[in-house]
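Notes to accompany the following structure.
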């Protein structure tokens, strides 16, 4: 118990500067005789979908009342509630470093006995498992939906010009040259918003660096300067095919330009499709996996868990929480979310997906995918800003040396834990 309190306090102090422990849960049997379950989810852009889910659940369940909260800046709200001992029963968060920190603080419940886990694609369960700082017994999240990042393209423009989808890096660069020789723009970027720099970076890193590179570095087995060299070099090559001054244009600018046919391709994730189609609802968008390798067989889809559900460790009515999770995993419920958010289902069942994912379906169906590398990066390191600075500067060695130095600076405690774990032979 002491270990849990200390770990929780460390995460709380790190995230909001207060050293207190987190506990408590909001499920209870109220005066109406029903069990009340509260879910807090972090995607405000999906509030319409969650409102529909809440309404449907409550209309079909007499003994449980579900309340879904979708606040802006949900992670800050959640961390504050943990400190105030007012935790929700279920949280909907991304499969990223926040999940890793919550798991490390031992505030999530082991849900290995939840039968719905058998419905989830193994690739996404593996992605979640890899987010553990050190291997941990149990399962602590139900992967719900993912997104996919690579290259969006204007299908009508490709068909009109007879352009073929590239499957290798050389074919990709040749295609860019062909498009530009025709007087048209090949790629568009919105690098004014630093986070967009991560989209092509992650997609290339999936192809060119080990999926567990961060863990390898933490174990002292390699350095980013060795593993990210080709990733960085190819990021600079992409920049050669961007519009003039891509750092002057925001994400919205890039989405609008692509929607208006100002570029044939856009290196971004599937999450951008709703924004693009809000400008041009009739645009025919498709996508392909970033062809970062010399052989198509070596390319891998960049797909991470965009939303997953975790039951809090002190939830008073786990059975009711599981009933909510079962409802969330019903095909019709998942389809509601997919239709609203253009997402990729983690459940191993056929769903109607957006046509914008056509070019990635074989990878999705085969489970040929790995997580976003930035899901392992600490936010304090500001890797997106580092990539932007590197692209402006152009010095690969300077960038990668700083990456390695900053990694040690911001991950010192995690590196210590990992190396202690390894020193014990991989057993705690």
Unmet requirement for residue 142, which otherwise passes all of (1) in contact with a helix residue (DSSP H, G or I) (Cβ under 8 Å, 6 or more places away or on another chain); (2) over 30 Å from residue 235 (Cα atoms); (3) surrounded by fewer than 24 Cβ atoms within 10 Å (Cβ to Cβ): (3)
Keeping to region 171-200, report how many residues are surrounded by fewer than 20 Cβ atoms within 10 Å (Cβ to Cβ), out of contact with any helix residue (DSSP H, G or I) (no Cβ under 9 Å at 6 or more places or on another chain) and within 11 Å of residue 264 (Cα to Cα). 1
Take the residues in region 410-428 that are touching a residue at least 60 places away in the same chain (Cβ under 8 Å) and more than 27 Å from the chain's Cα centre (by Cα), then tell me which one is farthest from residue 250 (Cα to Cα). 428
Inspect all residues belonging to region 253-261 and state whether any of them is over 20 Å from the mean Cα position of the chain (by Cα), under 24 Å from residue 163 (Cβ atoms) and not in a helix (DSSP H, G or I). yes
Taking the options 321, 385, name whichever one is surrounded by fewer than 20 Cβ atoms within 10 Å (Cβ to Cβ), in a helix (DSSP H, G or I) and touching a residue at least 40 places away in the same chain (Cβ under 8 Å). 385
Filtered residues of region 398-409 (kept if surrounded by fewer than 16 Cβ atoms within 10 Å (Cβ to Cβ) and free of Cβ contacts under 8 Å to residues at least 60 places away in the same chain): 398, 405, 408, 409
Residues that are modelled with pLDDT of 95 or more and out of contact with any helix residue (DSSP H, G or I) (no Cβ under 7 Å at 6 or more places or on another chain), at least 3 per element: which helices (runs of 4 or more DSSP H) completely within region 1-114 meet that? 47-60
Take the residues of region 146-157 that are within 14 Å of the chain's Cα centre (by Cα) and surrounded by 23 or more Cβ atoms within 10 Å (Cβ to Cβ): which is farthest from residue 309 (Cα to Cα)? 150
Considering each of 367, 394 in turn, give the residue that is farther than 26 Å from residue 255 by Cβ, surrounded by fewer than 16 Cβ atoms within 10 Å (Cβ to Cβ), in contact with a helix residue (DSSP H, G or I) (Cβ under 6 Å, 6 or more places away or on another chain) and in contact (Cβ under 8 Å) with a residue 60 or more places away in the chain. 367
Of all residues making up region 338-369, the number that are outside any loop (DSSP other than H, G, I, E, B), touching a strand residue (DSSP E or B) at 6+ places or on another chain (Cβ under 7 Å) and closer than 23 Å to residue 204 by Cβ: 9
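The values are calculated or read from the model by the stated rules, or taken from the named source; none is laboratory data. Because the structure is a prediction, the values reported are computed rather than measured. Every residue, glycine among them, receives a Cβ derived from its backbone with ideal geometry; neighbour counts consider all protein chains shown.
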